[in-house]
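The values are calculated or read from the model by the stated rules, or taken from the named source; none is laboratory data. A quick note: this is a predicted structure, and the numbers were derived from the prediction, not measured. Note: ideal-geometry Cβ built from the backbone for every residue, glycine included; neighbour counts use all protein chains shown. Each accessible area value is taken on the protein alone, full model and side chains, heavy atoms only, with ligands, DNA and RNA left out. Shrake-Rupley method; radii C 1.70, N 1.55, O 1.52, S 1.80 Å.
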Amino acid sequence: MPSRVIVGCQWGDEGKGKIVDLLSCDADMIVRFQGGANAGHTVIKENRKFVLHLLPTGILRAEKQCVIAAGVVVDPSQLIDEIAFFENEGISVRGRLFISGKAHLVMPYHKYLDRYLEGLRRANSIGTTGRGIGPAYTDRAARSGIRLYDILNQDHLAELLASVLEVKKASIPNLEHLQEFDFHYNLDLLCTFREKIKGFIFDTAQLISEAYSAGKAILFEGAQGTLLDVDNGTYPYTTSSSTIAGGLFVGCGLAPFAPDEIIGVVKAYSTRVGEGPFPTELKGDEGETLRKRGAEFGATTGRPRRCGWLDLVALKYAVKLNGVNLLAITKLDVLQDYDPLKLCIGYKYRNQILEDFPDNTSFLKDCQPIYAEMPGWKCSIDGIREYNKLPEKARAYLNRIEQHLGASAKYISVGSAREQTIKIS
Ligand code: IMP
């Protein structure tokens with residue numbers, strides 16, 4: 001299987017980490033192409049929980065090549081910590097982790113600015129992860145970024161850093177006294193980083209394209225989710241990168257090709273962290289119950305996730321936008337005590353019925369969900385490993401999703417462990 005893409009079809013936290021981990025056993029190379037340490041990909045391996053923010057999930061499998069491509073924004077401290085963590089675990093990353101020299105760095109001042117700008121937005125805040133993602137991508141677009149290649153030459157780096165900091169201090173008042181904007185503080189950090197990381201910097205576009213031409217199996221690991229895509233998501237309540245399957249070509253620096261499989265990961269209900277519209281959100285006790293049953297707390301920030309029923313309108317949009325041809329449906333077990341189950345099949349917007357996700361996403365805050373109800377199965381399914389052994393009502397729920405989305409489910413996850421997965425052949 002030469003190329004697979006895994007993308008989230010909702011607002012992130014769909015359980016991509018588990019699916020990537022599962023499928024990485026068939027891959028030669030696992031590639032991250034966007035986002036940064038705002039991601040939190042959780043994998044349970046041998047009863048231990050691993051949360052990866054920056055390293056591709058394939059790193060957990062000792063023999064796999066892993067790539068951080070140019071579209072990722074790299075936080076130096078986070079990267080060093082994650083590499084050290086795996087090395088301490090006896091999982092060596094040397095010789096199999098390749099980081100693009102074109103990837104931009106997330107600097108301490110980006111993290112400061114992320115929090116500072118969120119404070120200024122007040123009622124319009126986005127609820128970012130505070131990981132400096134927006135300011136780092138802003139600098140990339142403004143051509144004020146620092147890339148990994150820049151750290152390799154000390155004189156060039158010092159000159160670039162001085163000019164970047166000068167512009168920042170001239171644009172925003174009262175930054176002089178802050179450590180995050182101090183020239184020597186930033187330079188020292190980058191010099192330490194260079195010594196630890198220089199052996200990992202590569203032309204990753206070339207590496208991926210060679211692997212592709214050689215027929216190697218490549219797994220592209222999306223982070224966040226479709227509705228957080230900067231262009232096509234619920235803007236401005238999005239992240240700052242292209243989270244959709246199309247984003248991989250730009251993020252990796254590859255000519256477009258048709259991947260063999262585009263797997264859309266769909267949680268059996270909806271969640272969202274941070275601000276922004278969420279038509280099927282359950283408020284109060286109902287939301288709290290689902291949050292507890294699904295243990296819905298952010299893997300990166302620990303924030304409680306907002307929870308609600310499955311939104312087929314938004315999912316149909318995500319499936320089309322990504323060209324999803326297979327679904328991985330996760331956390332089905334969490335719904336086992338619900339009866340009836342609700343699925344959103346349309347929105348009421350003022351006096352109109354919308355069956356399609358609105359192009360103007362500012363409508364979403366005034367959209368009321370229209371639900372179809374289905375009976376719940378009311379029994380435990382977390383020990384089931386075969387599709388045919390699932391209760392009929394659980395299969396009916398899955399069928400309804402498949403039919404509405406026009407894509408078949410290939411993986412059903414019924415628990416957090418690797419083996420709690422049903423593969424449909
Ligand atoms: P940022 O990416 O930190 O700028 O955050 C922008 C929005 O995307 C916020 O609502 C975050 O909660 C959300 N977000 C960013 N990364 C993730 C993720 O990996 N999972 C879920 N939500 C995310």
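Assorted remarks:
- Placing unit charges on the Cβ atoms only, positive for Lys and Arg and negative for Asp and Glu, gives the chain a dipole magnitude near 680 debye about its Cα centre.
- Against the criterion of solvent-accessible heavy-atom surface with a 1.4 angstrom probe, 267, 331, 102 sort, most first, into 102, 331, 267.
- Of the trypsin sites (Lys or Arg not before Pro) found in the stretch 118-169, those that fall in a DSSP loop while having at most 10 other beta-carbon atoms within 10 Å are 143.
- Principal-axis analysis of the Cα atoms of the chain puts helix 183-197 at an angle of about 70° to the longest axis.
- Separation of the residue 176 and residue 353 label points, Cα + 7 Å toward Cβ, nm: 6.5
- Across the options 247, 222, 23, the greatest Cα extent toward the positive end of the charge dipole of the chain (unit charges at beta carbon of Lys, Arg, Asp, Glu) belongs to 23.
- Selection among 321, 349, 278 by position relative to the dipole of the stretch 266-423 gives 321 as farthest towards the positive end (Cβ unit charges, Cα centre).
- Taking every protein chain into account, the accessible area of the stretch 1-112 amounts to 28 square angstrom per residue (probe 1.4 Å).
- Note on the stretch 89-179: Kirkwood hydrodynamic radius from all Cα pairs is 14.9 Å, rounded to one decimal.
- Test item: Cα-centred dipole of the stretch 266-423, Lys/Arg +1 and Asp/Glu -1 on Cβ, debye: 300
- When the alpha carbon coordinates of the stretch 184-252 are projected onto the principal axes, the ranges are 39, 39, 14 Å, largest first.
- As a length-normalised measure over Cα pairs under 8 Å and 6 or more apart, the relative contact order of the stretch 104-197 settles at 28 percent.
- Over all projection directions, the Cα-based convex hull of the chain averages an area of 20.5 nm².
- From the C-alpha gyration tensor of the stretch 266-423, square roots of 5λ in Å: 25, 19, 15
- For the set 28, 356, the ranking by accessible area, highest first and with no ligand, DNA or RNA atoms included, is 356, 28 under a 1.4 Å probe.
- Student exercise, the stretch 22-173 dipole from Lys, Arg, Asp, Glu Cβ charges, in Debye to nearest 20: 440
- When the chain is described by a simple charge dipole with +1 on each Lys and Arg Cβ and -1 on each Asp and Glu Cβ, the residue from 10, 372, 190 located farthest towards its positive end is 372.
- Helical mean residue ellipticity (222 nm; -39500 (n - 2.57) per DSSP H run of 4+; nearest 500) of the chain: -9500 deg cm²/dmol
- Shown for the stretch 108-240: the carbon plus sulfur share of the solvent-accessible area, taken with all protein chains present and a 1.4 angstrom probe, equals 51%.
- Candidates per GluC sites (Glu not before Pro) in the stretch 40-127, loop by DSSP, up to 12 other Cβ within 10 Å: 46, 63, 89
- Relative contact order for the chain, counting Cα pairs under 8 Å that sit 6 or more residues apart, in percent: 20
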